[in-house]
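In what follows, a structure is listed as structure tokens, so that the remarks can point back to it.
The values are calculated or read from the model by the stated rules, or taken from the named source; none is laboratory data. A quick note: this is a predicted structure, and the numbers were derived from the prediction, not measured. Cβ placement follows ideal geometry from the backbone for every residue including glycine, while neighbour counts extend to all protein chains displayed.
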Amino acid sequence: MDVRTGTPYKYYFWKRFFLLFLPLFFIGILPEPFITDNPFASLEDYGEFAFFFCFYLFVFSGISAFLISIRWRMKYARR
């Protein structure tokens, strides 16, 4: 819980997660050729698209969660 404002970590996390995750995800996924240049000519292409989309979704959500957690700990340690 935040000492000064009484804001719990869960509220702090979810309020900031999508603000960080969405831009990070779109900036990271737009130059990826497996996703943007996929011709979808065979079943293998659909699997490739799904794999890379889920992979990037997982990785960028982890990076976002890590950065928000670090920010919370830095903010909490200062008080």
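Considering the stretch 1-28, and only residues there that are of a type in the set (A, V, I, L, M) and modelled with pLDDT of 90 or more, the residue that is farthest from Trp72 (Cα to Cα) turns out to be Ile27. When the test is whether a residue is within 30 Å of Pro8 (Cβ to Cβ) and either polar (S, T, N, Q) or within 10 Å of the chain's Cα centre (by Cα) (or both), Ser42 does not pass it. In the stretch 24-46, the qualifying residues are those that are of a type in the set (Phe, Trp, Tyr) and assigned to a helix (DSSP H, G or I), and the one that is surrounded by the most Cβ atoms within 10 Å (Cβ to Cβ) is Phe25.
Would you mind stating whether Phe60 is surrounded by 14 or more Cβ atoms within 10 Å (Cβ to Cβ), assigned to a helix (DSSP H, G or I) and either in contact (Cβ under 8 Å) with a residue 60 or more places away in the chain or in contact with an Asp or Glu (Cβ under 7 Å, 6 or more places away or on another chain) (or both)?
no
Determine which single condition Phe49 fails, assuming it passes every other condition in (1) under 21 Å from the mean Cα position of the chain (by Cα); (2) surrounded by fewer than 13 Cβ atoms within 10 Å (Cβ to Cβ). Condition not satisfied by Phe49: (2). Please tell me if Phe21 is under 19 Å from the mean Cα position of the chain (by Cα), surrounded by 13 or more Cβ atoms within 10 Å (Cβ to Cβ), in a helix (DSSP H, G or I) and not small (Gly, Ala, Ser). Against the criterion (under 19 Å from the mean Cα position of the chain (by Cα), surrounded by 13 or more Cβ atoms within 10 Å (Cβ to Cβ), in a helix (DSSP H, G or I) and not small (Gly, Ala, Ser)), Phe21 qualifies.
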